[in-house]
């Protein structure tokens with residue numbers, strides 16, 4: 001695609017091109033953690049894959065008449081985590097999140113696998129007593145913490161860290177992707193679950209609105225974990241845990257936009273993509289569009 005001054009690219013926006021009077025600031029940081037994955041692969045390549053497709057996307061959200069030139073984006077690069085186990089990544093990621101939020105209104109954290117969610121959430125607040133977690137995920141992520149931390153247990157780890165279960169809402173949970181034992185853990189902890197069938201019945205916007213409203217009444221800051229395996233597998237071949245019957249990319253864009261607009265959402269992560277398994281970059285495009293939709297929502301937060 002040739003350069004066109006009237007068709008600004010999202011890649012240039014992420015590189016720092018924005019209006020002289022931005023309404024808000026968004027940081028983007030790669031956290032290419034992958035050694036704790038239950039399904040071994042190349043999730044550490046995902047941040048680069050997301051950035052690469054931005055060259056073919058614009059900065060204009062036509063549906064809502066918002067141009068991301070009003071958002072000052074700062075690409076903070078990638079943390080050096082490709083050879084790090086999840087247990088050793090807690091402080092590097094949590095510290096990086098705190099530092100990023102010191103200079104931005106919100107942060108998008110590009111995984112890597114789902115094991116980044118625990119340290120990312122730990123970075124939004126000095127303590128977890130007033131923090132909230134919203135996940136869009138096919139899985140509960142409540143596997144046992146033994147023998148080690150993994151992408152299958154970040155929510156269980158956060159419970160162990162002291163995050164109250166009543167301050168966790170999980171949207172899009174799918175049948176035959178979880179066990180009864182771990183569902184019982186969720187129930188006993190007080191986690192609110194909105195299964196995928198309920199999302200289809202309510203619609204994605206009502207589902208996410210209900211989740212955000214529930215958290216808004218209890219917490220000061222919200223962390224959003226957007227696991228790409230919540231998508232139907234036809235839309236996310238690069239998400240190892242995706243199943244038929246999941247959400248659509250349009251659903252996920254709407255969810256990301258709503259989260260960006262909410263005043264208490266500080267961080268959204270995008271996780272669980274193995275670019276080596278992608279087909280025609282369809283998963284990378286879905287992730288990149290969620291990044292841009294979150295930015296569109298953030299712009300609404302500061303210009304409504």
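Odds and ends about this structure:
- Among 292, 29, 62, residue whose mean-square fluctuation peaks in a GNM of the chain (springs only between Cα atoms under 10 Å): 62
- Relative to the longest principal axis of the Cα atoms of the chain, the long axis of helix 86-102 makes an angle of roughly 40 degrees.
- Taking the chain and dividing mean pair separation by its residue count, relative contact order in percent (alpha carbons under 8 Å, at least six apart): 21 percent
- As a proxy for reagent exposure, 169, 71 were ordered by neighbouring Cβ count within 10 angstrom, fewest first; the result is 169, 71.
- Working ranking of peptides 183-193, 263-273 by packing, defined as the average number of other Cβ atoms within 10 Å per residue, highest first, is 263-273, 183-193.
- GNM top mover of 76, 109, 231 - the chain, alpha-carbon springs below 10 Å: 76
- The calculated Kirkwood hydrodynamic radius for the range 1-86 is 14.6 Å, given to one decimal from all distinct C-alpha pairs.
- Largest GNM mean-square fluctuation among 285, 176, 235, using the chain with Cα springs under 10 Å: 176.
- Relative packing of peptides 12-22, 132-142, 49-59 - highest average C-beta neighbours within 10 Å first: 132-142, 49-59, 12-22
- Tensor-based shape of the range 18-303 (alpha-carbon gyration tensor, a/c under 1.5 rounded, otherwise prolate or oblate): rounded
- With Cα atoms, 0 to 90° folded angle of helix 204-216 axis to the chain main axis: 70 degrees
- The chain - share of DSSP beta bridges that are antiparallel (%, nearest 5): 5 percent
- Cα-based helix-to-principal-axis angle, 180-189 vs the chain, degrees rounded to 10: 80 degrees
- Judged by the ratio a/c of the largest to the smallest principal axis of the C-alpha gyration tensor, the range 156-261 counts as oblate, that ratio being 1.5 or greater while a/b is no larger than b/c.
Read-outs: derived from the displayed coordinates by stated rules, not from any lab. Note that the coordinates shown come from a computational prediction; the quantities given were computed from them, not determined experimentally. Positions of Cβ are generated from backbone atoms using ideal geometry, with glycine treated the same way; all protein chains shown enter the neighbour counts.
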